[in-house]
Amino acid sequence: MSTAPRRPSFRGRGAPPPGTGYVRRGLAPAPAAPGPADGAKTLRKPVFTTIDQLRPQTHGHTLTARVISARTVLDKPSTHLGRTRVAECLVGDSTGTVLVTARNEQVDLLKPDTTVIFRNAKIDMFKGTMRLAVDKWGRIEVTQPADFKVNQDNNMSLVEYELVDVDEEE
């Protein structure tokens, strides 16, 4: 006689235990959650942040900024991608400035004296300093010229950060 416990069989008898990953066969799909009649998802309103509130290794930022300068760092042909372009752009708002790493199509959007909205942007660290970046999950939109004066005295990309290990006291 075997001493190993038997796996329960849920075929045709009762409901499976919650959270087991089992699904009953032949049941109709669960009713959809109540929402808009046309089936579209309701979107949250974006929460805009300012440049002085950016911190290292954070993500999900939405902000409006004016491009102050753009400098091409890399522009080389690629066999499978067409062309690879990277530019460093200084952008700012009324609270400060930060460097943005623009890649490929983003370089065309970030021209000096244009106002842009960064959606779902993240902060990357490069040599201990902050760089704003927008990956494939984010978006850069050119918008109407903003009416703020850029504060160039507070460049957040000039602040150096150091990653420090904290020993826990016992």
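The values are calculated or read from the model by the stated rules, or taken from the named source; none is laboratory data. What you are looking at is a predicted structure, and each value in this text was computed from that prediction instead of being measured. Virtual Cβ from ideal backbone geometry, glycine too; neighbours counted across all protein chains shown. For accessibility, only protein heavy atoms count, side chains too; no ligands or nucleic acids. Shrake-Rupley method; radii C 1.70, N 1.55, O 1.52, S 1.80 Å.
Remarks
- The residue that is farthest from Val142 (Cα to Cα), among those in the stretch 73-95 that are touching a helix residue (DSSP H, G or I) at 6+ places or on another chain (Cβ under 7 Å) and in contact (Cβ under 8 Å) with a residue 24 or more places away in the chain, is Thr95.
- Criterion (within 20 Å of Lys127 (Cβ to Cβ), open to solvent by less than 100 Å² (accessible area, probe 1.4 Å) and in a loop (DSSP other than H, G, I, E, B)) met by exactly one of Pro56, Pro46: Pro56
- The listed residue being more than 17 Å from the chain's Cα centre (by Cα) and either surrounded by 15 or more Cβ atoms within 10 Å (Cβ to Cβ) or on the phi > 0 side of the Ramachandran plot (or both), out of Val86, Val98: Val86
- Checking each residue in the stretch 144-168 for being farther than 13 Å from Val91 by Cβ and of a type in the set (A, V, I, L, M) picks out Leu158, Val159, Leu163, Val164, Val166.
- The sole residue among Ser69, Ser94 that is among the small types (Gly, Ala, Ser), within 19 Å of Asn155 (Cα to Cα) and in a strand (DSSP E or B) is Ser69.
- The residue list Pro145, Pro112, Pro77 contains one member that is open to solvent by 50 Å² or more (accessible area, probe 1.4 Å) and part of a strand (DSSP E or B), which is Pro77.
- Scanning the stretch 127-142 for residues that are over 17 Å from the mean Cα position of the chain (by Cα) and not small (Gly, Ala, Ser), we see that the one that is least open to solvent (accessible area, probe 1.4 Å) is Thr129.
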